Amino acid sequence: MIVHIPGVLSAEQVAQCRAVLEACPWTDGRATAGVQSALVKSNMQIPLDAPEAQPVRDLILERLGQSPTFVSAALPLRIMPPMFNRYDAGMGFGSHVDNAIRYAMAGSVRYRTDLSCTLFLSDPREYDGGELVIDDVLGRQAVRLPAGDMVLYPSASVHRVAPVTRGSRLASFFWVQSMIRGDDRRTLLFELDHSIIEARAALGDDHIASVRLAGAYHNLLRMWAEV
Ligand code: NI
């Protein structure tokens with residue numbers, strides 16, 4: 001399931017974040033790539049531990065916690081600290097699958113990457129190319145979103161960033177370890193959550209159908225969740 005989450009950051013927040021990030025140190029993105037990814041990766045990144053970017057990481061995590069769509073779609077157990085990348089003209093990232101396990105806090109914390117997130121920080125009019133191309137069961141999706149919008153997709157999918165041909169594409173990217181390991185189960189729970197909202201609106205919160213649907217949701221979560 002590929003989910004578009006509009007307005008994770010407002011226009012003002014995007015501007016604030018960009019001002020902070022522009023003053024941060026930028027290094028070759030291959031420093032955090034695996035052996036295979038390093039062959040196809042060409043971008044710039046802010047080092048994982050750069051303290052200058054901490055206010056932006058904190059703001060993104062706070063805003064994600066306030067997004068019902070994100071919480072419902074990701075069912076997050078842990079969110080990795082947001083990272084930042086920039087693709088200037090001529091840069092791109094060829095086809096790859098993200099590493100299954102990632103480390104944070106100098107290797108003391110391990111995350112399983114279930115979901116990959118890209119939060120766009122550049123307006124699409126500022127650059128050409130730079131689409132995030134995701135191979136999904138439904139086919140190939142090319143994603144290029146307004147600044148402040150985010151896309152959530154299964155980390156298991158083969159994906160790439162098409163070369164930027166003009167301007168610069170700035171984004172935050174990070175991974176989520178979900179309470180629900182499989183995309184099929186997360187998709188089912190996401191759809192069920194929507195059905196509950198619709199049933200409540202149509203029938204009322206206390207209608208027996210609303211109560212039973214909510215019960216089915218929580219009982220599936222109880223069956224499948226790792227917490
Ligand atoms: Ni990737």
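Just so it is clear, none of the values below were taken in a lab; they were calculated from the coordinates. Just so it is clear, the structure is predicted and the values come from calculations on it, not from any experiment. Every residue, glycine as well, gets a Cβ built from its backbone with ideal geometry; the counts of neighbours run over all protein chains shown.
General observations
- Applied to the range 127-134, the Karplus parametrisation 6.51 cos²θ - 1.76 cosθ + 1.60 on θ = phi - 60° returns per-residue 3J(HN,Hα) values of 8, 10, x, x, 5, 7, 9, 10 Hz, with x for Gly and Pro.
- Take every Cα pair under 8 Å whose residues are at least 6 apart in sequence, average their separation, divide by the length of the range 114-197, and the relative contact order is 41 percent.
- The chain, relative contact order in percent, only Cα pairs under 8 angstrom and at least six apart counted: 24
- Model label sites at Cys24 and Ala209, defined 7 Å from Cα along the beta-carbon direction, differ in position by 4.8 nm.
- Local electrostatic count at Arg63 - Lys and Arg +1, Asp and Glu -1, tallied over other residues with Cβ under 13 Å: -3
- The range 183-224 - Debye-derived log10 I(q)/I(0), Cα point model, q = 0.15, 0.19 Å⁻¹: -0.33, -0.51
- Residues Phe190, Phe120, sorted so that the one with the fewest Cβ neighbours within 10 Å comes first: Phe190, Phe120
- When the chain is described by a simple charge dipole with +1 on each Lys and Arg Cβ and -1 on each Asp and Glu Cβ, the residue from Gln36, Pro47, Ala171 located farthest towards its positive end is Gln36.
- Inter-part distance, the range 7-52 to the range 108-169, computed on C-alpha centroids, equals 13 Å.
- C-alpha long axis of helix 54-65 to longest principal axis of the chain, angle in °: 20
- Computed [θ] at 222 nm, helices only, for the chain once each DSSP H run of length n ≥ 4 contributes -39500 (n - 2.57): -10500 deg cm²/dmol
- 0 to 90° range, to nearest 10: angle between helix 183-203 axis and the chain longest Cα axis: 50
- Estimated FRET transfer efficiency (Glu52, His4; beta-carbon r; R0 25 Å; 0.05): 0.25
- Rg in Å to one decimal, and Dmax rounded to a whole Å, for the chain via C-alpha atoms: 18.4, 58
- For the range 13-93, pairs of C-alpha atoms spaced more than 18 angstrom apart make up 52 percent of the total.
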